[in-house]
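Let me begin by presenting the structure, written as structure tokens, before commenting on it.
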């Protein structure tokens, strides 16, 4: 099993290219199930989750051609996927595939909308807490689907098609908003989605669906209107840059010190996180090329943050910010409001010398004078990269194990950091 070895102490200088957003690419790939024509997606990141979803879609009969793997291609450029879902050969998504990636459950909405039936495994547990699919199912019921759960599978039927409806989410859910948006696009009549997720990835999906012929307004706001159409056509769409990867490398630069351009990053996608970095004493500047992050000599100031749905501070950057605050000059507090079990990185950061006290959903971090390298264990995607960030500033060697978590969401992480001066390498085996 691969490990990542880091020797801390090097400042970062240079350019880090930001990849396409995983959290946008996955629902965009699933949206291909809504049309018989070809969907071409550009700037798709090369990630384990993307490869797994290709396999899941292939199980349904979807043909996917990947461009961007030829000798001489720019390794920093995203790949292009040509997705052809003209023939759906199977409307079942089995447990052995869905259990490996929760987002694959989202095939339920497009399949029942287009085919009139879908049988999709419940996704099972998750390392960062319970994430039930009730909101997804309630949205499909509102649109007229008959839903049964049997033997760990959801069976959705709408033999006469879905009907437009008013869908009100009791709590903001990105995944359920994706499901409702895709299903409503082919429903007969108008749908209104209220308390919808406002994340940029939702708006990116809506933009692609509109290119495919969907009639959608309000995406990116709390209320979305969808006028269903009988058919969607093919389209070409470029995945937006990854705001979580952007924030992660911004915090890595702040932790190690230095001056890094995050090429292709869009500051409008993560304003709350950039504001927190500025409050911590980090220089953040929007440029024509992306975002420039600098910390040269100045100490890191403590902050107080609560995670929140977009446009609030992202839960997916909570662990990274906590790593940064372990070196702040003073006491910081981070409250996690989205997931109930997302502090598993705390004990691993403590192995490096971090001083963190947990009280329910709040972590209090006392900035440490020094961190010391040690073997640590990654527990999930965002927790694992927080250990890398801490290792950049720790004295001596940090060895991060279970890095397959990293490969799910970060493309060429060690290469991007090493080209900016970090002493970091992957150890295979």
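By DSSP, what percent of the beta bridges with both residues in the chain are antiparallel, rounded to the nearest 5?
Rounded to the nearest five, the antiparallel share is 70 percent.
Applying 1/(1 + (r/R0)^6) with R0 = 25 Å to the Cβ-Cβ distance of residue 362 and residue 275, what FRET efficiency is obtained, to the nearest 0.05?
0.80
Tell me whether segment 338-396 comes out rounded, prolate or oblate; compute the Cα gyration tensor, take square roots of the eigenvalues as a ≥ b ≥ c, and use a/c under 1.5 as the rounded threshold.
oblate
How many nm is it between the label spots at residue 190 and residue 77, if each spot is 7 Å from the Cα in line with the beta carbon?
With each label placed 7 Å out from Cα toward Cβ, I get 4.4 nm.
Over segment 24-238, what is the relative contact order in whole percent, taking alpha-carbon pairs under 8 Å and six or more residues apart?
Computed over segment 24-238, the figure is 21 percent.
Between helix 381-393 and the chain, what is the angle of the helix's C-alpha long axis to the longest principal axis, kept within 0 to 90° and rounded to the nearest 10?
20
In vacuum, with every alpha carbon of segment 1-58 counted as one equal point scatterer, what does the Debye formula give for log10 I(q)/I(0) at q = 0.22, 0.30 Å⁻¹? Two decimals, please.
-0.95, -1.29
Which whole number of Å³ per residue matches the convex hull of the alpha-carbon atoms in the chain?
Spread over its residues, the Cα hull of the chain gives 130 Å³ apiece.
Nearest 5 percent is fine: what portion of the DSSP beta bridges confined to segment 24-238 is antiparallel? Could the numbers behind the result be given before it?
Values: 28 of 40 bridges.
Taking every DSSP beta bridge with both residues in segment 24-238, the antiparallel ones total about 70 percent.
Quick one: Cα centre-to-centre distance for segment 404-423 and segment 250-267, in angstrom?
With segment 404-423 and segment 250-267 each reduced to a Cα centre, they are spaced 14 Å.
How large is the Kirkwood hydrodynamic radius of segment 24-238, in angstrom, based on all distinct alpha carbon pairs?
Kirkwood hydrodynamic radius for segment 24-238: 17.0 Å.
Where does the chain land at 222 nm, in deg cm²/dmol rounded to the nearest 500, when only DSSP H runs of n ≥ 4 count, each adding -39500 (n - 2.57), divided by all residues?
Dividing the helical sum by the residues of the chain leaves -8500 deg cm²/dmol.
If each of residue 87 and residue 285 carries a label point 7 Å out from its Cα toward its Cβ, how far apart are those two points in nm?
5.7
Give me the Kirkwood hydrodynamic radius of segment 225-297, using the inverse of the mean 1/r over all pairs of distinct Cα atoms, in Å to one decimal. Intermediate values should be presented prior to the final figure.
Values: mean 1/r = 0.0721 Å⁻¹.
So the Kirkwood estimate lands at 13.9 Å.
What is the chain's relative contact order, in percent, from Cα pairs under 8 angstrom and six or more apart in sequence?
On the way: 1064 pairs, mean separation 90.0, N = 429.
Relative contact order for the chain comes out at 21 percent.
Order these peptides, 18-28, 350-360, by their mean beta-carbon neighbour count within 10 angstrom, highest first.
18-28, 350-360
In nm, give the distance between the simple-model label positions of residue 236 and residue 223, each being 7 Å from the Cα along the Cα-to-Cβ direction.
3.7
Does anyone have the angle between helix 243-256 and the longest principal axis of the chain? Alpha-carbon axes, 0 to 90°, nearest 10?
Helix 243-256 sits at roughly 0 degrees to that axis.
Dividing the convex hull volume of the Cα atoms of segment 224-369 by its residue count, what figure in Å³ per residue is obtained?
Numbers: hull volume 20.9 nm³, N = 146.
So the per-residue Cα hull volume is 143 Å³.
Any read-out appearing in this document is the output of simple, stated calculations on the displayed coordinates, not a laboratory observation. Computed from a predicted structure; not experimentally measured. We place every Cβ from the backbone using ideal geometry, glycine too, and count neighbours over all the protein chains shown.
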